[in-house]
1. What is the Rg over Rh value, at two decimals, for the range 39-113, using alpha-carbon atoms and the Kirkwood definition of Rh?
2. Take the Cα gyration tensor of the range 128-196, multiply each eigenvalue by 5, square-root it, and list the three semi-axes largest first, rounded to whole angstrom.
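What follows draws every value from the coordinates through simple rules; no lab data is involved. Remember, it's a predicted structure, so these values are computed and weren't measured experimentally.
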Amino acid sequence: MKAIKRLSMVLALAFFSLTGCLEGTGLEGLGGYGNQANEIIGEVMDVDSRSRQIEIRSDSGRTSMVRYDNNTQVLYRQRTCSVANLERGDYVAARVQQDRDGRNTTNTITVRESVQDRGGTVSSARLDRIEGRVEYVDSHRGTFELRDSRNRLIVVAVAFNAPKTITDRFNRLRNGDQVRIEGRSVNADRFDLENFL
């Protein structure tokens, strides 16, 4: 009899705990926080490489700033890329946790739809051109290091949704290759590749 009473109390406590946990979590479906409390879903509005933050706007209009680091992986069509490959307009799900200061940080971002998949276009601003010698190729992150004529080392990012001709050329790159490329300068030592020349 005592065992049945204890079992009933444990079941009742479990039931009320579960229903209490589900209420008031503030979780939204697609376009907000994901089905898990540790996922933010929305459109990339900005990638700030200096402060190492990504601005994500949910479908409901909520904007979240998410910090990243060198270990953050971007997954797109079962390929791992660098954060530098993210573009404004990409629709992503960022797995987040809070740091000790309460800021959102991420170690994994999954691109659900690229801006091109969604029918958008990338800004058609003037493209920069650089040339130099390939120092290092990181095929897992979709980047390579280029030593230019002024002896600067520049990290070049290949978009994860780049045309096949560009990804084929990237896959053939070897240390020591001389290349001419065009794209957009992110800052003094980062460059987003648009095309091989």
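1. With Rh from the inverse mean 1/r over Cα pairs, Rg/Rh is 0.92.
2. In descending order, the three semi-axes are 17, 13, 11 Å.
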